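Here's the structure, in structure tokens; my notes come after.
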Amino acid sequence: MPKVLDIGRVVVKTLGREAGRKAVIVDIIDGNFVLITGPKSVTGVKRRRVNVGHIEPTEHRLDVSRGASDEEVEEAIRRAGLEDYMREKVRPRLLLVTREHLSP
């Protein structure tokens, strides 16, 4: 699995209410944050800024420009034939909490 976060990369959200849903990176804000979109009509993920620690990249990449609109991303998903793949919800990786993290 690639560790690269570039524009057009399909990612899986691992934390939050949208955990397990796929999205597309449409802009890189800085080293810690990226702008993603599902778009909501396809995957249920709203356009939002997310911490890079809360997403996992996949091997899929779409041909979209920086700051692409939801309509442009939706069209790129259709062109790549990834509509069914994007709609699938996956089980996000589980975060293990140990006693060391719980002690004050």
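Each value in this text was obtained by applying a stated rule to the coordinates, not by laboratory testing. Source: prediction; values computed, not measured. FYI the Cβ positions are ideal-geometry reconstructions off the backbone, even for glycines, and counts take in every protein chain you see.
Protection proxy ranking of 49-57, 7-15, 21-29, 64-72, by the mean of other Cβ atoms within 10 Å over each peptide's residues and highest first, is 21-29, 7-15, 49-57, 64-72.
Annotation: amide H-H contacts under 5 Å for His60 (H modelled 1.01 Å from N, sequence separation of 5 or more, or interchain): Val10.
Put simply, the amide H of Lys40, placed in the peptide plane, has neighbours under 5 Å in Val45, Arg47, leaving out anything fewer than 5 places away on its chain. Rounded to the nearest Hz, the phi-derived 3J(HN,Hα) couplings of region 36-53 under the Karplus curve 6.51 cos²θ - 1.76 cosθ + 1.60 (θ = phi - 60°) are 10, 8, x, x, 4, 5, 9, 10, x, 9, 6, 5, 7, 8, 10, 6, 5, x, where x marks glycine and proline.
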